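Colleague: Attaching a single structure in structure tokens format; questions to follow.
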Amino acid sequence: MTAPLGEQPAAKTAAMGTISNDLGHLMGREGYRRIQESDNAACTVSPVNTTYAKAALIGGAAGIMAGLFGVGGGIIVVPGLVLWLAVSQRQASGTSIATIIASSSAALIAFGISGNVDWGPALLVFTGAAVGAVIGARAATLLPERTLSAAFAAVLLIAGIRMML
């Protein structure tokens, strides 16, 4: 027997809570580590180390996170590119935005088919996000690399702490 629309079985809800707590813990640790790293070393633009297997793993992890939680770009792709492929914070942010097109389109199709998209709010959020993205991208080009990295780390840390509470 299936659960009524909008209700999830207890085991599924508990599993999602555990996954959410684990994700929050990882985000908090990564945010803390990034803040410490930004205090101890100058952020420099480094050449892109295009290791295809690593890039594919980062993409796969981001896709899974997009499908499960509606996240992936900033949480998975940016740290993966910076830490694993030695991409600068600014380049990682721009690259992450480019990858969102693929992951969000695929997840949108899956969620849309199952009737899990509320189109009214989605269009309003889309409009605000489009305007905010232009403002944020312009600000990112003006901020020093170290400031951008520290701000990103702070956002990860705060989000991780909030998810664990």
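Quick note: the coordinates plus some simple rules give every number you see, no bench work behind them. These numbers come from a predicted model, not from an experiment. Backbone-built Cβ (ideal geometry, glycine too); neighbour counts: all protein chains shown.
Colleague: Could you check the range 107-122 and list, in sequence order, the residues that are in a helix (DSSP H, G or I), surrounded by 10 or more Cβ atoms within 10 Å (Cβ to Cβ) and hydrophobic (A, V, I, L, M, F, W, C)?
Modeller: The answer is Ala107, Leu108, Ile109, Ala110, Phe111, Ala122.
Colleague: Might you let me know whether the range 128-137 holds any residue that is assigned to a helix (DSSP H, G or I), more than 24 Å from Tyr52 (Cα to Cα) and in contact with a helix residue (DSSP H, G or I) (Cβ under 7 Å, 6 or more places away or on another chain)?
Modeller: No, because not a single residue in the range 128-137 is assigned to a helix (DSSP H, G or I), more than 24 Å from Tyr52 (Cα to Cα) and in contact with a helix residue (DSSP H, G or I) (Cβ under 7 Å, 6 or more places away or on another chain).
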